[in-house]
Structure formats: C-alpha cells, structure tokens
Amino acid sequence: MSTIVTILLLIVSSTFMTFAWYDHLKYTSKPLWIVILVSWGLAFFEYCFQVPANRWGFEHNLDPAKLKILAEAIALLVFIVFARFYFGDTLKWNYIVSFTLIFGAVFLLLHSNDRSYGSTLSFALSESVEFWTFPSELRHNRVVTPQNV
C-alpha cells in the first residue's frame with residue numbers, strides 16, 4: 001500500500017511537471033518571460049506532490065535511488081499519455097522499445113530482495129571517492145602547476 005501512495009503522488013507530480021515543461025510549446029507566440037513564470041507556477045504544484053512522495057516512499061523502505069528511478073519511469077508514462085492526447089504524437093517502434101527497457105529496469109528494481117539502504121550506491125560512491133581523491137596540494141588550497149606536481 002505504501003508504494004501505491006508514493007506512485008499516486010508521483011503521477012500527480014509528473015502531470016504538473018509535464019505541463020510546466022511542454023504546455024508552452026503550443027503557445028510559441030507568447031513571450032518567453034511569461035512562459036517561464038507560468039511554468040514556475042506549475043512547478044510549485046509539482047513540488048507540492050513530489051516532496052511528499054519522496055518522503056513517504058523513503059519512510060516506507062524505498063531508498064533514494066529507487067525513488068528516482070520510479071519517478072523517472074512515471075514521468076515517462078505521463079509524458080507518453082500527454083504527448084499522445086495533447087500533441088497528437090504517435091509512438092514509434094524505437095520509443096516503444098526504449099520505454100520497455102526502462103520499465104523493465106523499474107520492474108527489476110521494485111522486485112529485488114535487497115532492502116538495505118543504499119548498499120550498492122554507497123559502494124559505488126566509496127569507489128569513486130577513492131578514484132577522485134585529490135592530492136594533498138589541492139586539499140590544502142595550494143596552486144598546482146605542471147612544474148610542481
């Protein structure tokens with residue numbers, strides 16, 4: 001049930017954001033500053049649903065990586081419906097294949113047995129931090145030039 005609440009909040013959030021990002025394409029004669037202000041107004045409502053969705057999901061065993069992947073998949077679904085009914089776009093075969101692969105990733109994500117918070121993400125971050133560790137000269141705000149490296 002908790003994942004359903006998160007999904008419903010994300011659907012509403014994505015609907016607002018899709019309109020904020022793409023609605024103005026039908027009104028290209030409007031000045032850009034007006035379009036930006038209207039988009040910001042719509043984005044406010046997107047945040048009113050996105051933030052609670054993330055909080056609710058996190059409090060009910062969805063780690064941040066799962067929340068992000070779920071939000072992006074939902075955003076794609078909302079966009080598919082939006083593009084079809086608002087712009088009259090049709091799905092091409094390569095769009096269908098691409099969406100199928102993304103939704104396959106979501107299926108694998110939500111049906112994994114790993115419930116440990118961020119285990120894969122923390123490993124990946126620790127490995128990248130080791131790789132990107134700066135020399136002591138950079139950590140101490142010293143200027144590094146090719147001559148003194």
* Hey, residue 76 hits all of (1) on the phi > 0 side of the Ramachandran plot; (2) free of Cβ contacts under 8 Å to residues at least 40 places away in the same chain but one; which does it fall short on? -> (1)
* Given 42, 25, 37, which one is part of a helix (DSSP H, G or I) and surrounded by 15 or more Cβ atoms within 10 Å (Cβ to Cβ)? -> 42
* Asked: residue 9 is checked against (1) touching a Ser or Thr at 6+ places or on another chain (Cβ under 7 Å); (2) under 22 Å from residue 106 (Cβ atoms) and fails just one. What number does that condition carry?
  -> (1)
* Number of the condition not met by residue 30 [criteria: (1) charged (D, E, K, R); (2) exposed (fewer than 12 other Cβ atoms within 10 Å of the Cβ); (3) outside any loop (DSSP other than H, G, I, E, B)] -> (3)
* Asked: Only one of (1) loosely packed, with under 11 Cβ neighbours inside 10 Å; (2) touching a residue at least 40 places away in the same chain (Cβ under 8 Å); (3) not β-branched (Val, Ile, Thr) is not met by residue 1, so which one is it?
  -> (2)
* Which of the residues spanning the range 76-104 are over 22 Å from residue 19 (Cβ atoms) and not polar (S, T, N, Q)? -> 92, 93, 96, 97, 101, 103, 104
* **Restricting the range 45-64 to residues that are closer than 14 Å to residue 17 by Cβ and not charged (D, E, K, R), the residue that is surrounded by the most Cβ atoms within 10 Å (Cβ to Cβ)** => 53
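FYI, it's all coordinate maths here, none of it is from the lab. Worth saying up front: this structure is predicted, and the values here are computed from it rather than measured. We place every Cβ from the backbone using ideal geometry, glycine too, and count neighbours over all the protein chains shown.
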